[in-house]
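Report on the structure given below.
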Amino acid sequence: MNIVVIGGGAAGFFGAIACAQANAGAQVILLEKTNKLLSKVRVSGGGRCNVTHNCFVPSVFAQHYPRGAKQLKEAFKTFGAKETIDWFESRGVNLKAEADGRMFPITDNSQTIIDCLQREVNRNGIQIKTGVAVERIEPQQGEEGETGFMLYLTGGKELHADRLLVCTGGNPKTQNYDWLRALGHPIQEPVPSLFTFNEPASPLKELQGISVPRARVRIAGQKLEYEGPLLITHWGYSGPAVLKLSAWGARLFHERNYRFTALISWVSDQTEESLREQLQQFRKAHPKKVVVTNPLFGLPQRLWKALTGIAEVNQDVIWSELTAKSTNKLVEALLRMPVEVDGKTTFKEEFVTCGGVDLSQVNMKTMESRLHSGLYFAGEVLDIDGITGGFNFQAAWTTGYLAGKAIAASIS
């Protein structure tokens, strides 16, 4: 039995390994169109590889997926974060959890994960062919229905597959899904997810590198908001608060051509009432202190100075002389500073796509197509994407594992 896996990323490797381990008689071939394997694993987490997230309740874990949450909740009961940790640890790779829940190999090096996966591929006799792209797939018909697939490769070559696992990842170009549309699979239009916000005329541009551990970013006129660390960059804003918000609002932001107003609260634990009360208390306690040079709420000095500038507070004004008008403007700058977003930037070398193969035509217990027996999907080629923090890799491990096990079972 020829098992062909298309895609040399996390899901493809995991699916191929799961299949080969579950059925020693399976002849597994993995095709990768580029000459680089596991490229996303290599760059993830700043080169450390954010393998998964430190959460072991499937229903809670699934809440971190803007698309695919309902379907993954059940899948995680079979193979979730705990199983992923056990899988790697049983192969000599120990993981550690950081304060924010992200989990990395204790080596802090993505090569550790790559080496582990490549060892398993070699150990299980999986063939890997790089520089091989699949241009078209044709289901083969026999007297009793479909009997596999003919793959038409670059260079005019052909390859028959008795079972086929597609793990080609996400792609922002809709035409790159045409070969799957040709099989009758509906595709949810792809748009980018996990990106940073550009503000070309940012009043804080000179503060690049300054971060706030807990800010809230809200989209004006929408219920969309996210709270977390926020980083000021030379092009706008980044950090988990922005990246996670970009995932939840991926389609809305695309429809608006990445032009919208965001509102930043630099004091996310404050209401307007509590904020005004604290400003008044400080005014009474320190009437002679200069407003601009005495930052409050734990904000960095340079950021505080910039926010007082936005509020048009004079450089030498003291608290007892701060006018009601300036106080109101300072409250607005702290609680609802407007950001005129105009464009986006991909987060480092990582990218995630919202969209892909519609889940309604995939059996999420086995990852098999409902349209073609013997055709399976795993990873980001599906309309599944998570926020930053190890969730996208967990979806890849989970769906790859389920597909690989199901394929192995189907040929036993």
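Applying the set (1) surrounded by fewer than 22 Cβ atoms within 10 Å (Cβ to Cβ); (2) on the phi > 0 side of the Ramachandran plot; (3) aliphatic (A, V, I, L, M) to residue 194 leaves exactly one unmet item: (1).
In the set (1) more than 20 Å from the chain's Cα centre (by Cα); (2) more than 25 Å from residue 257 (Cβ to Cβ), residue 199 fails one condition alone, (2).
Of the candidates 227, 277, the single residue that is of a type in the set (D, E, K, R) and surrounded by fewer than 17 Cβ atoms within 10 Å (Cβ to Cβ) is 277. For residue 148, the requirement of being under 30 Å from residue 36 (Cβ atoms), touching a residue at least 40 places away in the same chain (Cβ under 8 Å), assigned by TED's automatic domain parsing to the domain that holds residue 29 and within 16 Å of the chain's Cα centre (by Cα) is not met. Scanning region 167-184 for residues that are of a type outside the set (Gly, Ala, Ser), part of a loop (DSSP other than H, G, I, E, B), out of contact with any His (no Cβ under 7 Å at 6 or more places or on another chain) and surrounded by fewer than 22 Cβ atoms within 10 Å (Cβ to Cβ) gives 171, 172, 173. Of the conditions (1) closer than 21 Å to residue 386 by Cβ; (2) without any contact (Cβ under 8 Å) to a residue 60 or more places away in the chain, residue 209 fails just one. Which one is it? Going through (1) closer than 21 Å to residue 386 by Cβ; (2) without any contact (Cβ under 8 Å) to a residue 60 or more places away in the chain one by one, residue 209 breaks only (1). Counting only strands (runs of 3 or more DSSP E) that sit wholly inside region 309-412, not one has at least 3 residues that are under 15 Å from the mean Cα position of the chain (by Cα), aromatic (Phe, Trp, Tyr) and at positive phi. For region 148-162, the tally of residues that are at pLDDT below 95 and on the phi < 0 side of the Ramachandran plot stands at 1. If you go through region 234-285, how many residues are closer than 22 Å to residue 310 by Cβ and either assigned to a loop (DSSP other than H, G, I, E, B) or of a type in the set (Lys, Arg) (or both)? Selection size over region 234-285: 12. In this structure, residue 404 does not satisfy being under 22 Å from residue 184 (Cβ atoms) and out of contact with any Pro (no Cβ under 8 Å at 6 or more places or on another chain). When residue 394 is tested against the conditions (1) crowded, with 24+ Cβ neighbours inside 10 Å; (2) within 27 Å of residue 27 (Cβ to Cβ), the lone failure is (2). Select, from 259, 251, the only residue that is modelled with pLDDT of 95 or more, in contact with a strand residue (DSSP E or B) (Cβ under 7 Å, 6 or more places away or on another chain) and surrounded by 16 or more Cβ atoms within 10 Å (Cβ to Cβ). After applying the criteria, what remains is 251.
Residue-by-condition table, conditions (1) at pLDDT below 95; (2) buried (at least 19 other Cβ atoms within 10 Å of the Cβ); (3) not aliphatic (A, V, I, L, M):
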position	(1), (2), (3)
17	no, yes, no
61	no, yes, yes
75	no, yes, no
88	no, yes, yes
91	no, no, yes
97	no, no, no
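The residue of region 210-226 that is nearest to residue 247 (Cα to Cα), among those that are part of a loop (DSSP other than H, G, I, E, B) and out of contact with any strand residue (DSSP E or B) (no Cβ under 6 Å at 6 or more places or on another chain), is 224. In region 19-34, the residues that are among the acidic types (Asp, Glu) form Cβ pairs under 9 Å with partners that are crowded, with 17+ Cβ neighbours inside 10 Å and assigned to a strand (DSSP E or B), at six or more places apart or across chains, as follows: 32/6; 32/128. So, of the residues in region 205-216 that are out of contact with any Lys or Arg (no Cβ under 9 Å at 6 or more places or on another chain) and at negative phi, which turns out to be surrounded by the fewest Cβ atoms within 10 Å (Cβ to Cβ)? Per the stated criteria, the residue is 213. Determine the pairs where a residue that is within 18 Å of residue 10 (Cα to Cα) and of a type in the set (Ser, Thr, Tyr), located within region 341-355, has a partner that is outside any strand (DSSP E or B) and at pLDDT 70 or above with Cβ atoms under 6 Å apart, the partner being 6 or more residues away or on another chain. Going by the 6 Å Cβ cut-off, the qualifying pairs are 353/170; 353/172. Tell me, please, whether a residue that is in contact (Cβ under 8 Å) with a residue 60 or more places away in the chain and farther than 25 Å from residue 393 by Cα can be found in region 182-193. Checking region 182-193: at least one residue is in contact (Cβ under 8 Å) with a residue 60 or more places away in the chain and farther than 25 Å from residue 393 by Cα. Residue pairs whose Cβ atoms lie under 7 Å apart, sitting 6 or more positions apart in sequence or on different chains, and linking a residue in region 114-128 that is under 26 Å from residue 95 (Cα atoms) to a partner that is part of a loop (DSSP other than H, G, I, E, B), are 114/38; 116/91; 116/93; 117/38; 120/91.
The values are calculated or read from the model by the stated rules, or taken from the named source; none is laboratory data. The structure displayed is predicted, hence computed values, not measured ones. Cβ coordinates were reconstructed from backbone atoms using ideal geometry, including for glycine residues, and neighbour counts include every protein chain displayed.
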